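Q: I have a structure I would like to understand better, so I am pasting it below and will then ask my questions one at a time.
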Amino acid sequence: MKNFGIIGKSLVHSFSPDYFGRKFLRMGITDSQYLPYPLENIEDFEKLCQKNVFAGLNVTIPYKKKI
């Protein structure tokens with residue numbers, strides 16, 4: 001399974017998980033998932049990457065510049 005997602009402090013407003021979930025279904029992509037990964041602190045990013053292997057991530061403010 002290929003893991004894609006979005007990271008940020010608050011992701012409640014993000015349309016990305018729904019958008020990419022529907023896009024994967026529409027395109028017949030069954031070996032991928034797109035999930036939100038809210039991070040309370042930027043320091044949690046390293047731990048997240050140690051637990052997961054990502055094929056790609058989108059990054060929102062306030063972490064965009066730091067990542």
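The values are calculated or read from the model by the stated rules, or taken from the named source; none is laboratory data. This structure is a prediction, so every number in the text was calculated from the model and none was measured. Reconstructed Cβ throughout: ideal geometry from the backbone, glycine too, with neighbour counts over all protein chains shown. Note: accessible area is taken over every heavy atom of the protein model, side chains too, but ligands, DNA and RNA are not part of it. Shrake-Rupley method; radii C 1.70, N 1.55, O 1.52, S 1.80 Å.
Q: Considering the values (i) -0.28, -1.35; (ii) -0.53, -1.08; (iii) -0.36, -1.28, which represents log10 I(q)/I(0) by the Debye sum over Cα atoms at q = 0.13, 0.28 Å⁻¹ as calculated for the structure under consideration?
A: (iii)
Q: May I pose another question? Under a Cβ-Cβ cut-off of 15 Å, what is the net charge of the residues other than GLY8 that fall near it, where Lys and Arg count +1 and Asp and Glu count -1?
A: My count for the surroundings of GLY8 gives +1.
Q: Tell me the accessible surface of PHE15 in square angstrom (1.4 angstrom probe, heavy atoms of protein chains only), to the nearest ten.
A: Rounded to the nearest 10, that gives 140 Å².
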